[in-house]
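Data first, discussion second: the structure below is written as structure tokens.
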Amino acid sequence: QQPVQSPQAVILREGEDAVINCSSSKALYSVHWYRQKHGEAPVFLMILLKGGEQKGHDKISASFNEKKQQSSLYLTASQLSYSGTYFCGTVPLEGQNFVFGPGTRLSVLP
Amino acid sequence: DTGVSQDPRHKITKRGQNVTFRCDPISEHNRLYWYRQTLGQGPEFLTYFQNEAQLEKSRLLSDRFSAERPKGSFSTLEIQRTEQGDSAMYLCASSLATTNPSGMYEQFFGPGTRLTVL
């Protein structure tokens, strides 16, 4: 039931792009993305509700393919402040059991 | 409003003791969630409330865990007869409620309570 995230970890240089993927075996109502910095609580990034929906926040955007039950988070021209662990969370169409994925650790180096 | 607060921030206890944690959500938020997080893992859902009603509880959650939200404001999470495997960060989050049962708004997390069971 827990969504799968890939890759598990990624290391970037400042200014490079990254993609983090999240997939579920269940039909989804929504996908949520959070970022957690070391020693801090998770912080909300965005929610995607509709199939094929794309949303953006500064240079971070995401897409949601409802048919494939997949979401991708796109980080463009990464900054040092993007470092942290990114979690997707999924809400299934049936039931209301919100589940976080295992996370993707992103390290941005100068 | 200062956000979600949790107390205590750290708790060290001996195996077999009971512990209780408190969470104060953002005042206008009627949903409150409890999660447990261990190192290198994502937050694991434990339970959530809408106002004072506990609407869902993880099937994996031991009977030693109980949560309350008596007046729909703050919440407490109690762990009885603690075990070493209970050592983790316990996170509380709050959000507004949606009219759609499948809907969820963004959650605002508190700083967490780190529990160490010796």
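Read-outs throughout are calculated quantities, based only on the coordinates presented, and are distinct from any laboratory measurement. Computed from a predicted model, the values in this text were never measured in an experiment. Here the Cβ is made from the backbone with ideal geometry for all residues, glycine too, and neighbour counts use every protein chain on show.
Counting Cβ atoms of other protein chains within 10 Å of each residue's Cβ and taking the mean over peptide B:69-76 gives 0.
Straight-line cross-link reach from A:Lys68 at under 16 Å between alpha-carbon atoms covers these aspartates and glutamates, not counting any fewer than eight positions away in the same chain: A:Glu53.
Do you know the relative contact order of chain B, to the nearest whole percent, from alpha carbon pairs under 8 angstrom that are 6+ apart?
Once normalised by length, the contact order is 36 percent.
Averaged over the residues of peptide B:40-52, the number of Cβ atoms from other protein chains lying within 10 Å of each residue's Cβ is 4.
In chain A, the inverse of the mean reciprocal separation of distinct Cα atoms equals 13.8 Å; this is its Kirkwood hydrodynamic radius.
Annotation for A:Val43 and B:Phe74: the two label points, set 7 Å from Cα along the Cα-Cβ direction, are 2.7 nm apart.
Between B:Lys57 and B:Ile12, the FRET efficiency from the beta-carbon distance, with R0 = 35 Å, is close to 0.85. Kindly identify the protein assembly as shown as rounded, prolate or oblate by the Cα gyration tensor criterion: order the square roots of the eigenvalues as a ≥ b ≥ c, call it rounded if a/c is under 1.5, otherwise compare a/b with b/c, prolate if a/b is larger, else oblate. The shape class here is prolate.
Take every DSSP beta bridge whose two residues both sit in the protein assembly as shown; close to 90 percent of them are antiparallel.
As an equivalent ellipsoid, chain B spans semi-axes of 24, 14, 13 angstrom, where each value is the square root of five times an eigenvalue of the C-alpha gyration tensor, largest first.
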